[in-house]
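**Student:** I am attaching a structure below and will ask some questions about it afterwards.
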Amino acid sequence: MKEKNKFKILWQLFKATFTLSAFTFGGGFVIVSLMKKKFVEELGWLEEDEMLDITAIAQSSPGPIPINASVILGYRMAGIAGTLVAILGTALPPMIVISLISVFYTQFRENQVIATALQVMRAGVAAVIFDVVINLAKNVVKTKRALYIGLMTVAFIATVVFDVSAMLVILVCLAIGIIDAVIPVIRKEVVAKEEAKI
Amino acid sequence: MILQLFWSFIQVGMFSVGGGYAAIPLIQNQIVDIHKLMTLQEFTDLITIAEMTPGPISINSATFVGTRLAGLPGAIICTIGCVLPSFFICLALAFFYYKYRQLDGVQKVLSAMRPAVVALIASAGISILVLGLFGSSTIVLRDIRIVELGLFAVGLFLLRKYKLSAIQIIFGTGVAGTLIYSFI
């Protein structure tokens, strides 16, 4: 029974990563928002915070972001087997599509219908990302911590207006997070010392 | 040659931090500059295709370069090379993440990074929306495409109101948009 269950999870994992990869255009954050919608909202396999953590790790590690995210996600769902299945699911669609295209290269480039379809699908992808972002931003606001809301706003302006790299934004927030985690510890020590004096 | 391709793409996978666009100059360096396996023109064509088609850009380019140079085995070898460093590094990171993420200190550090990730996703969304509405990455209000704007608005409405799945929306806009364009 348990074996059967694991097989089911692996198969679902493969199906999900395969379809997501097949419908993703552009950079890594696009597939990450699709993953959030699929795994957090539709399947309920992950918590929202977890997905954001996975995104931060995937972005900061070397290699393609979608593959990085699949590795972590697969590991979470079914260990090493899950990782391998998720990588296969993510890598297979582009391999099939590109192999076909490199054979029909000229026909592909001159086909107006395909060009139109690829162009208009971007509007759909954008709609999905906006939907995901609205949910995510709502939850950041719900924390009611000025620090988090501020970080989100500043990071947004920095990337959109000033073209700051994603890597730098994450590193700065990592540093701020470490300071935020250390301050209470130091405070406690100071208080303890003062109390010892008295 | 196959071995050399494999090694080249392992390096690409290992040193491209920050996603597909970071990988492009690395691939160019390996394939065009160092090993002279392709001309710059061929390489530029390849990148255009890799950006246009679905899938992660670096996997697309790896497959394309591999197919061009050594057929299907080449495609498989390049992709495996590109993925291999990710596999080991992220597996290790995943292990530590799931081991320590419940700790208070770790939670606090992660909490500060999450709002940034939300902002980064939002910024990626804006880039692709601009690309969809204007056909390029510069905003020229005169060039706005009404059909795409309509598809975006309807898509977002359906997502918010009826909770349709991502694939339904993307596939739906593809079909609807192509039909609309073939009638006007």
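**Student:** Evaluate the relative contact order of chain A (contact order divided by residue number), counting alpha-carbon pairs under 8 angstrom at least 6 apart; express in whole percent. Don't skip to the answer; put the middle values down first.
**Tutor:** Working: 132 pairs, mean separation 41.6, N = 198.
That works out to 21 percent.
**Student:** Through the Karplus equation 6.51 cos²θ - 1.76 cosθ + 1.60, θ set to phi - 60°, convert the phi angles of region B:135-140 into ³J(HN,Hα) values in whole Hz; use x for Gly and Pro.
**Tutor:** 3J(HN,Hα) across region B:135-140, in whole Hz: x, 8, 8, 10, 8, 10.
**Student:** Let me ask something else about it. Please report the orientation-averaged projected area of region A:143-198, defined via the convex hull of its C-alpha atoms, in nm². Don't skip to the end; give the middle numbers.
**Tutor:** Details: hull surface 19.7 nm².
Mean orientational projected area (region A:143-198, Cα hull): 4.9 nm².
**Student:** Let me ask something else. So, R0 is 25 Å and r is the distance between the beta-carbons of A:Leu118 and B:Ile184; what FRET efficiency does that work out to, to 0.05?
**Tutor:** Working: r = 18 Å, r/R0 = 0.72.
The pair A:Leu118/B:Ile184 has a calculated efficiency of 0.85.
**Student:** In what sequence do A:Cys173, B:Cys78 fall when counting other Cβ within 10 Å, fewest first? Mind showing how you got there, number by number?
**Tutor:** Working: A:Cys173 28, B:Cys78 32.
Ordered from fewest to most neighbouring Cβ atoms within 10 Å, A:Cys173, B:Cys78 come out as A:Cys173, B:Cys78.
**Student:** When A:Arg187, A:Arg145, B:Arg142 are ordered from fewest to most other Cβ atoms inside 10 Å of their Cβ, what list results? Present the calculation step by step, with values, prior to reporting the outcome.
**Tutor:** On the way: A:Arg187 10, A:Arg145 15, B:Arg142 5.
In increasing order of surrounding Cβ atoms, one gets B:Arg142, A:Arg187, A:Arg145.
**Student:** Give the shape of region A:15-81 as rounded, prolate or oblate, defined through the alpha-carbon gyration tensor: a ≥ b ≥ c are the square roots of its eigenvalues, a/c under 1.5 means rounded, and otherwise the shape is prolate if a/b is larger than b/c and oblate if not. Please report the intermediate quantities before stating the final value.
**Tutor:** On the way: a/c = 1.25, a/b = 1.07, b/c = 1.17.
Judged from the Cα gyration tensor, region A:15-81 comes out rounded (a/c under 1.5).
**Student:** In whole angstrom, and with the biggest value first, how far do the Cα coordinates of chain B range along each principal axis?
**Tutor:** 52, 50, 28
**Student:** When the Karplus curve 6.51 cos²θ - 1.76 cosθ + 1.60 is applied with θ = phi - 60°, which whole-Hz ³J(HN,Hα) does each residue of region B:69-81 get, with x for Gly and Pro?
**Tutor:** Result, rounded to whole Hz: 8, 8, x, 4, x, x, 4, 5, 4, 4, 5, 4, x.
**Student:** Please identify, among B:Asp45, B:Asp33, B:Asp143, the residue showing maximal mean-square fluctuation in a Gaussian network model of chain B using a 10 angstrom Cα cutoff.
**Tutor:** Checking each option, the largest mean-square fluctuation is seen for B:Asp143.
**Student:** Strictly over 22 Å apart at the Cα level, which of B:Lys99/B:Lys163; A:Lys142/B:Lys108; A:Lys142/A:Lys188; A:Lys188/B:Lys108 would you flag in this model?
**Tutor:** Details: B:Lys99/B:Lys163 34 Å; A:Lys142/B:Lys108 16 Å; A:Lys142/A:Lys188 28 Å; A:Lys188/B:Lys108 16 Å.
Exceeds cut-off: B:Lys99/B:Lys163; A:Lys142/A:Lys188.
**Student:** Hey, another quick one. Show that you can apply the helix-only estimate: for chain A, add -39,500 (n - 2.57) for every DSSP H stretch of four or more residues, divide by all residues, and state [θ] at 222 nm to the nearest 500.
**Tutor:** -29000 deg cm²/dmol
**Student:** Now for a different question. Expressed as a fraction of 2.2 N^0.38 Å, the rule-of-thumb size for a compact globular protein of N residues, what is the C-alpha radius of gyration of chain A? List each step's numbers first, then the result.
**Tutor:** Values: Rg = 21.3 Å, N = 198, 2.2 N^0.38 = 16.4 Å.
The value comes to 1.29.
**Student:** Something else: For region B:2-100, what is the convex hull (Cα atoms) projected area averaged across all directions, in square nanometres?
**Tutor:** Approximately 6.3 nm², given one-decimal rounding.
**Student:** Counting only residues 5 or more places away or on other chains, whose amide H sits under 5 Å from the amide H of B:Gly135 once H atoms are built in the peptide plane?
**Tutor:** none
**Student:** In the protein assembly as shown, if the dipole is taken from +1 on Lys/Arg beta carbons and -1 on Asp/Glu beta carbons about the Cα centre, which of B:Pro85, B:Phe171, A:Phe104 is farthest to the positive end?
**Tutor:** B:Phe171
**Student:** Find how many whole Å separate the alpha carbon centroid of region B:83-162 from the alpha carbon centroid of region B:1-74.
**Tutor:** Value for the Cα centre distance between the two parts: 24 Å.
**Student:** Averaging sequence separations of C-alpha pairs under 8 Å and six or more residues apart, then dividing by the length of chain B, give the relative contact order as a whole percent.
**Tutor:** Working: 131 pairs, mean separation 29.2, N = 184.
Relative contact order of chain B: 16 percent.
**Student:** Whole percent per 5 Å bin, from 0 to the bin with the longest distance: what is P(r) over all C-alpha pairs of region B:104-183?
**Tutor:** Final binned percentages: 3, 13, 16, 19, 18, 12, 8, 6, 4, 2, 1, 0.
**Student:** Going Cα to Cα from A:Lys15, which lysines come in below 18 Å? Please leave out same-chain ones fewer than 8 positions away.
**Tutor:** Cα-Cα hits under 18 Å: A:Lys4, A:Lys6, A:Lys36, A:Lys37, A:Lys38.
Every number in this text was worked out from the coordinates using simple rules, so none of it is lab data. Just so it is clear, the model here is predicted, and its values are computed rather than measured. Neighbour counts are summed over all protein chains in view; Cβ atoms, including those assigned to glycine, are modelled from backbone coordinates with ideal geometry.
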